1. Cβ-Cβ under 6 Å, sequence separation 6+ or interchain: first residue in the range 116-129 and among the aliphatic types (A, V, I, L, M), partner assigned to a helix (DSSP H, G or I) and buried (at least 16 other Cβ atoms within 10 Å of the Cβ). Which pairs?
2. Looking at the range 123-140, which of the residues that are in a loop (DSSP other than H, G, I, E, B) and of a type in the set (A, V, I, L, M, F, W, C) is surrounded by the most Cβ atoms within 10 Å (Cβ to Cβ)?
3. Go through the residues of the range 280-300 one by one and say whether even a single one is of a type outside the set (D, E, K, R), in a helix (DSSP H, G or I), crowded, with 22+ Cβ neighbours inside 10 Å and on the phi < 0 side of the Ramachandran plot.
4. Restricting to the range 361-377, name every residue that is outside any helix (DSSP H, G or I) and β-branched (Val, Ile, Thr).
5. Quick one: is residue 389 farther than 29 Å from residue 477 by Cα, assigned to a helix (DSSP H, G or I) and out of contact with any Asp or Glu (no Cβ under 7 Å at 6 or more places or on another chain)?
6. Looking at this structure, is residue 384 within 30 Å of residue 285 (Cβ to Cβ) and part of a helix (DSSP H, G or I)?
7. Here are some conditions: (1) out of contact with any helix residue (DSSP H, G or I) (no Cβ under 8 Å at 6 or more places or on another chain); (2) surrounded by 21 or more Cβ atoms within 10 Å (Cβ to Cβ); (3) over 25 Å from residue 242 (Cβ atoms). Residue 404 meets all but one. Which one does it not meet?
8. Scanning the range 454-474 for residues that are of a type in the set (Gly, Ala, Ser), buried (at least 24 other Cβ atoms within 10 Å of the Cβ) and touching a Phe, Trp or Tyr at 6+ places or on another chain (Cβ under 9 Å), which turns out nearest to residue 338 (Cα to Cα)?
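Each value in this text was obtained by applying a stated rule to the coordinates, not by laboratory testing. Just so you know, these numbers come straight off a predicted model, no measurement behind them. Heads up, the Cβs are rebuilt from the backbone with ideal geometry, glycines too, and the neighbour counts pull from every protein chain shown.
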Amino acid sequence: MDTTRREMLAGAAAIAATAAVSVPAGAASRASGHVLDDHDAMGLAELVKTRQVSASELLEAAIARAEKHNPKLNFLAHKLYERARATVAKGVPEGPFQGVPWLIKDLNTHIAGELTEQGSRLFKGNRATVTSELVKRYERAGLVIFGKTTSPEFGLTATTESLLMGATRNPWNPERIAGGSSGGAAVAVASGVLPAAHATDGGGSIRIPASCCGLFGLKPSRGRVPMGPPYTEGWGGMSAHHAVTRSVRDSAALLDATHGLEPGARYTAPTPERPFLEEVGRDPGRLRIALNVTPALGTPVDPDVVAAVRNAAALCEKLGHTVEEAAPKLDMDAIGKASFAIIGSSIVATVNARCAALGIKPGPEVLEAATLMYYQMGQKTAGADYVQGTNDLMVAATAVSEFMNDYDILLSPTVASPPLPLGVINLSNPDIEAYIKAISAFVPFSGLQNQTGQPSMSVPLGVSQSGLPIGVMFSARYGAEATLFRLAGQLEKAAPWRDRRPRMA
């Protein structure tokens with residue numbers, strides 16, 4: 001493949017970087033009689049606070065579940081069981097999530113002295129020298145961290161498969177992807193190990209696995225949740241941290257516990273009018289919703305996904321909102337090139353620093369095929385190209401902001417098909433052109449909100465004819481998570497999903 005063709009497809013990949021709500025065949029109604037099945041994270045915290053269960057009992061129950069399901073599904077990158085037990089023995093803070101077991105993603109989220117391997121052989125054995133501000137906020141909220149979840153190398157693709165850790169499997173169908181890059185987090189929640197887990201999103205990496213695993217996943221506005229130290233933004237501000245959850249209220253309460261300016265940050269998202277938890281259950285009013293089911297690059301969307309989104313639109317109309325087909329007009333070629341320039345340059349900086357520390361050169365022995373492609377192209381990105389890329393994304397953000405003056409919500413698919421088979425979009429595929437085409441076709445919708453900084457959520461409203469989850473994506477104006485939480489609470493009440501879970505042996 002010639003360089004021009006490769007760069008064009010890579011730019012497309014950077015853009016990418018309800019059928020029914022009844023319980024499908026192969027799913028289980030909500031299990032009863034086990035504390036981890038019957039409560040969300042806020043519910044578990046209430047049990048601890050009222051001494052109906054202890055933090056130690058919850059931790060051991062979550063560890064037992066993890067040990068049972070991880071051998072088959074492969075969602076744990078690192079086990080921090082003894083650290084968690086020591087935390088409980090010392091006494092957990094009386095925060096909103098007191099005593100609730102928690103997992104953090106093994107990607108740019110650090111605990112000093114513990115492994116942070118980024119899903120990469122290049123970082124095998126790497127131990128963090130700092131603790132992330134987000135980790136500190138989680139622990140102040142009472143969460144008990146007992147492990148780190150899997151990620152593809154540097155979070156670069158929409159499946160959680162890596163040469164370092166192997167394939168993370170979807171509990172709905174172990175031959176299918178769990179989504180990425182927060183697939184490990186989503187599998188831990190979907191399989192019943194815990195009701196919520198930390199996740200990150202640089203091009204859909206919270207929302208994609210939420211869709212694939214039947215969960216609620218919200219990507220906050222740029223600057224809402226801390227990312228450092230050492231760096232307070234990722235991929236030029238495209239990356240964001242938050243969580244995948246079963247319930248909407250857990251997502252809101254977690255955001256309340258973690259948002260706000262961090263030391264050294266260049267910017268922060270607008271201050272919310274009230275706690276996000278108070279938005280869940282509030283009347284969203286009559287929302288103006290723009291519906292778009294057509295990818296900008298013209299790739300096909302699976303009929304089950306289209307049906308899921310159109311059914312969600314019909315539900316929104318039934319709830320009193322107005323829906324019309326519309327989409328912002330954008331220079332997608334410029335956006336794709338900009339995203340590639342920023343991501344490629346970021347990979348070069350990360351790889352070069354690690355290779356210098358190890359005294360080695362980057363190559364296929366330590367980097368996967370697609371990662372190496374990004375690295376090689378990033379080396380050719382000039383400083384002026386990077387600046388032009390950031391400028392082009394600011395132009396796009398302005399265009400989307402102007403479009404959103406007429407709408408409160410942009411409604412679209414989260415991904416273009418139900419979960420793919422394993423092995424289709426992993427980074428080790430030596431056929432780079434096939435990889436780029438496949439990833440671009442699978443995730444043509446979710447990257448825009450990272451490129452423009454908007455909050456966006458995947459809501460588990462759909463199910464494919466084969467019984468696999470389908471998420472529907474709702475995006476709001478920059479800083480307007482409150483709108484999303486109000487709508488999500490309304491949807492959760494109108495079309496509840498808590499009883500739809502995969503059958504676990």
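1. 122/354
2. So the first thing to find is which residues in the range 123-140 are in a loop (DSSP other than H, G, I, E, B), and the list is 124-126, 128-132.
If we keep only those that are of a type in the set (A, V, I, L, M, F, W, C) as well, we get 128, 130.
Values: 128: 17, 130: 14.
Checking each candidate, the answer is 128.
3. No, because not a single residue in the range 280-300 is of a type outside the set (D, E, K, R), in a helix (DSSP H, G or I), crowded, with 22+ Cβ neighbours inside 10 Å and on the phi < 0 side of the Ramachandran plot.
4. Keep residues of the range 361-377 that are outside any helix (DSSP H, G or I), which gives 361-368.
Hit for the range 361-377 is 366, nothing else.
5. Details: farther than 29 Å from residue 477 by Cα: no; assigned to a helix (DSSP H, G or I): yes; out of contact with any Asp or Glu (no Cβ under 7 Å at 6 or more places or on another chain): yes.
Here the answer is no, as residue 389 does not meet what is asked.
6. Numbers: within 30 Å of residue 285 (Cβ to Cβ): no; part of a helix (DSSP H, G or I): yes.
Criteria not met by residue 384.
7. (3) is the only condition that residue 404 fails.
8. Of all residues in the range 454-474, those of a type in the set (Gly, Ala, Ser) come to 456, 458, 462, 464, 466-467, 471.
Those still in the list that are buried (at least 24 other Cβ atoms within 10 Å of the Cβ) too: 456, 458, 462, 471.
Right, trim to touching a Phe, Trp or Tyr at 6+ places or on another chain (Cβ under 9 Å) and you get 456, 458, 471.
Values: 456: 21, 458: 25, 471: 27 Å.
Among them, the one singled out is 456.
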